[in-house]
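The values are calculated or read from the model by the stated rules, or taken from the named source; none is laboratory data. In this text, all values refer to a predicted model and were calculated from it rather than measured experimentally. In this analysis, Cβ positions are derived from the backbone assuming ideal geometry, glycine residues included, and neighbour counts consider all displayed protein chains. For accessibility, only protein heavy atoms count, side chains too; no ligands or nucleic acids. Shrake-Rupley method; radii C 1.70, N 1.55, O 1.52, S 1.80 Å.
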Amino acid sequence: MKKYKFLMIAVLAALIVSCGGKKGGMSFGDNEYPVETAGVSSATLQATYPATIKGIQDVEIRPKVAGFITRVCVKEGQSVGAGQLLFVIDNETYQAAVRQAQASVNTAAAQCNTAKLTYENTKKLNENNVVGAYELQSAQNSYQVAQAQLAQAKAGLANAKETLQFCYVKSPTSGVIGSLPYKVGAMVSASSTPALTTVSNISTMEVYFSMTEKDMLSMSKNAGGMNAAIANFPSVKLQLADGSEYGHEGRVVKASGVVDAATGTIQIIARFSNPERLLKSGGSGSIVIDRADSRAIVIPQSVVSQVQDKKFVYVLGKDNKVKYTEITVNPQNDGNNFIVTSGLNVGDKYVTNGITKLSDGMEIKPITPEQYQKKIKDQAGAMTAGEIVETMQKK
């Protein structure tokens with residue numbers, strides 16, 4: 001029975017809210033409306049910024065030589081270490097080039113040895129006055145040319161061997177393999193698009209987002225410079241694409257030194273640890289920044305009427321007449337309350353119930369919310385169930 005009575009009181013309260021305390025078998029008196037005084041309270045404001053997620057190091061893997069892929073040694077999503085073999089490119093041509101370069105070295109070495117022997121023999125003959133200085137100098141020059149040719153041949157061999165090693169494409173860093181657009185038999189080169197793959201170091205993730213130039217200037221001035229503003233930046237949260245919150249907080253580590261002329265924003269980078277490897281390079285989300293406000297004006301959403309994209313409250317004047325007042329609110333809210341940013345000041349009185357029956361300039365008799373609740377309870381207790389039902393039917 002108590003439960004039934006409680007439900008009737010709740011229904012009655014809803015009816016009174018809808019009719020402003022008039023008609024339907026219920027009356028608070030002439031134009032009685034509950035009024036609350038706007039005050040300050042602590043609130044946490046949240047700013048949300050679209051973000052892009054990247055590994056702390058994303059390296060595109062491209063071949064330095066052209067050829068057909070003969071082996072793909074990894075799979076998508078596989079973890080690899082620095083120096084690990086990823087691809088093998090057909091190297092028959094490059095092996096032949098190494099053999100040719102080796103032959104050139106052997107030839108140059110033989111010619112160099114011959115030139116050396118000629119020079120040494122000519123030198124002895126010159127010492128015995130058998131040949132003149134001209135013959136000695138010519139033999140020495142031939143030996144030096146042979147030495148240079150040998151050095152050139154050795155450099156060609158080293159280059160051929162290095163080119164041959166380019167056929168074995170290795171990872172320059174530790175990370176995770178991205179997509180593999182090329183299969184065995186595909187022709188690739190240094191200019192191939194897309195790259196063979198991407199190796200992403202995802203132990204730590206960098207999350208890119210942008211803030212307005214105005215906000216960054218304000219933060220920089222308050223902190224005493226951009227570097228100080230970055231150092232004092234609060235911890236940030238990451239909201240994932242599915243709406244859930246990432247389990248680790250991040251820290252802002254750097255900001256772009258250039259303002260994007262098209263958007264008027266500055267790019268900010270925050271770093272998040274990624275021990276579970278939940279975050280993937282190329283993903284998206286939103287950066288959430290909490291800001292505490294100890295002097296926020298918080299009002300229930302139920303006291304606010306909305307017309308298109310504008311919001312209004314009825315503010316009580318000194319003459320007990322209400323004014324239809326436009327307010328602006330923080331876009332972030334908890335679903336029950338608004339944080340007023342302009343249009344309502346501390347000490348202003350606003351109507352909390354029955355706003356659908358009010359009009360701009362209407363004179364009311366203000367009562368306190370406590371008086372309002374007491375009248376609801378008293379009238380509900382005085383009405384029979386049949387009267388409540390009858391009142392509901394009239395609505």
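In the calculated pair distance distribution of the range 87-150, what percentage of Cα-Cα distances lie above 16 Å? Present the calculation step by step, with values, prior to reporting the outcome.
Details: 1157 of 2016 pairs.
It works out to 57 percent of all Cα pairs.
Under Stokes-Einstein, with the Kirkwood radius over Cα pairs standing in for Rh, what whole-number D in µm²/s applies to the range 132-172 at 25 °C and 0.890 mPa s? Don't jump to the answer; show the numbers that get you there.
Numbers: Rh = 12.8 Å.
It comes out at roughly 192 µm²/s.
Kirkwood hydrodynamic radius for the range 250-295: how many Å is it when counted over pairs of different Cα atoms?
Result for the range 250-295 stands at 13.4 Å.
Simple spin-label model, 7 Å along Cα-to-Cβ: S256 to M187 in nm?
Rounded to a tenth, the inter-label distance reads 3.9 nm.
Would you work out the charge dipole size for the range 273-313 about its Cα centre, treating the Cβ of every Lys and Arg as +1 and the Cβ of every Asp and Glu as -1, and quote it to the nearest 20 debye? Walk me through the numbers before you get to the answer.
Numbers: 6 positive and 4 negative charges, 13 e Å.
Dipole size: approximately 60 debye.
Quick one: pull the percent of accessible area on the range 255-324 belonging to carbon and sulfur, 1.4 Å probe, ligands and nucleic acids left out. All intermediate terms of the calculation are to be shown ahead of the outcome.
Details: 1970 of 4050 Å².
Taking all protein chains in place, the range 255-324 shows 49 percent carbon and sulfur surface.
Which one, V59, V188, V307, has the greatest fluctuation when you compute a Gaussian network model over the chain with C-alpha springs under 10 angstrom?
Between V59, V188, V307, it is V307 that shows the largest mean-square fluctuation.
Looking at the chain as a GNM with Cα springs under 10 Å, which of T118, T44, T368 has the largest mean-square fluctuation?
Looking only at T118, T44, T368, the biggest GNM fluctuation is shown by T118.
Could you estimate the translational diffusion coefficient of the chain from the Stokes-Einstein equation, with Rh from the Kirkwood formula over C-alpha pairs, at 10 °C and 1.306 mPa s, in whole µm²/s?
This corresponds to a translational diffusion coefficient of 53 µm²/s.
Under 10 Å, Cα contacts only: if you run a Gaussian network model on the chain, which one of N113, N353, N227 comes out with the highest mean-square fluctuation?
Result for the chain, Cα springs under 10 Å: N113 fluctuates most.
Heavy-atom accessible area per residue, the range 109-231, 1.4 Å probe: how many Å²? If you can, show how the numbers build up before the last one.
Details: 7030 Å² over 123 residues.
Each residue of the range 109-231 exposes 57 Å² on average to a 1.4 Å probe.
Please give, to one decimal in nm, the separation of the simple spin-label points placed at K124 and T70, each 7 Å out from Cα toward the Cβ.
A separation of 5.0 nm, rounded to one decimal place.
Could you work out how much longer the chain between K116 and N141 gets when fully extended? Use 0.36 nm per residue separation minus the Cα distance between them, nm to one decimal.
So the extension gain works out to 8.0 nm.
Please name which of V298, Y246, V346 has its Cα lying farthest along the dipole of the range 240-346 towards the positive end, using unit charges on Cβ (Lys, Arg +1; Asp, Glu -1) and the Cα centre as origin.
Highest projection toward the positive end goes to V346.
List the trypsin sites (Lys or Arg not before Pro) within the range 247-323 that fall in a DSSP loop (any state other than H, G, I, E or B) and whose Cβ has at most 12 other Cβ atoms within 10 Å.
R277, K318
How much net charge surrounds L117 when only other residues with a Cβ under 13 Å from its Cβ are counted (Lys, Arg +1; Asp, Glu -1)?
+2
Tell me, what is the FRET efficiency for E245 and S302 to the nearest 0.05, using R0 = 25 angstrom and their Cβ-Cβ distance as r? Walk me through the numbers before you get to the answer.
Details: r = 28 Å, r/R0 = 1.11.
Result of the calculation: an efficiency of 0.35.
How high is the FRET efficiency from R291 to Y324, r the C-beta distance, R0 30 Å, rounded to 0.05? Walk me through the intermediate numbers first.
Details: r = 31 Å, r/R0 = 1.02.
Efficiency computed from Cβ-Cβ geometry: 0.45.
Mean separation of Cα pairs under 8 Å and 6+ residues apart, divided by the residue count of the chain: what relative contact order is that in percent?
Dividing the mean separation by the residue count of the chain yields 28 percent.
To make sure I understand the rule: partners must be aspartates and glutamates, Cα under 12 Å from the Cα of K365, and not fewer than 8 residues away in the same chain. Which ones qualify?
D30, E32, D319
Within the set K349/K374; K54/K221; K75/K254; K64/K161, which residue pairs have Cα atoms separated by over 25 Å?
Working: K349/K374 20 Å; K54/K221 30 Å; K75/K254 34 Å; K64/K161 13 Å.
Checking Cα-Cα distances, K54/K221; K75/K254 exceed 25 Å.
Could you give the length gained on full extension between S273 and A82, defined as 0.36 nm per residue of separation minus the Cα-Cα distance, in nm?
The S273-A82 span can extend by a further 66.7 nm.
Kindly provide the helix-only [θ] at 222 nm of the chain, computed as the sum of -39,500 (n - 2.57) over DSSP H runs of four or more divided by all residues, to the nearest 500 deg cm²/dmol? Present the calculation step by step, with values, prior to reporting the outcome.
On the way: 7 runs with 128 residues, N = 395.
For the chain, the value works out to -11000 deg cm²/dmol.
Give the carbon-plus-sulfur fraction of the accessible surface of the range 24-164 in %, rounded to a whole number; probe 1.4 Å, heavy atoms of protein chains only.
49
Based on alpha-carbon atoms only, what is the radius of gyration of the range 48-163 relative to the globular estimate 2.2 N^0.38 Å?
1.96
Please give the contour-minus-distance gain from K377 to I56: 0.36 nm per residue of separation, less the Cα-Cα distance, rounded to one decimal in nm.
Fully extending the segment from K377 to I56 adds 109.3 nm.
Bin by bin, in steps of 5 Å, what percent of the Cα pairs in the range 204-329 do you find, going until the bin that has the longest distance?
2, 8, 14, 15, 12, 13, 11, 10, 7, 4, 2, 1, 0
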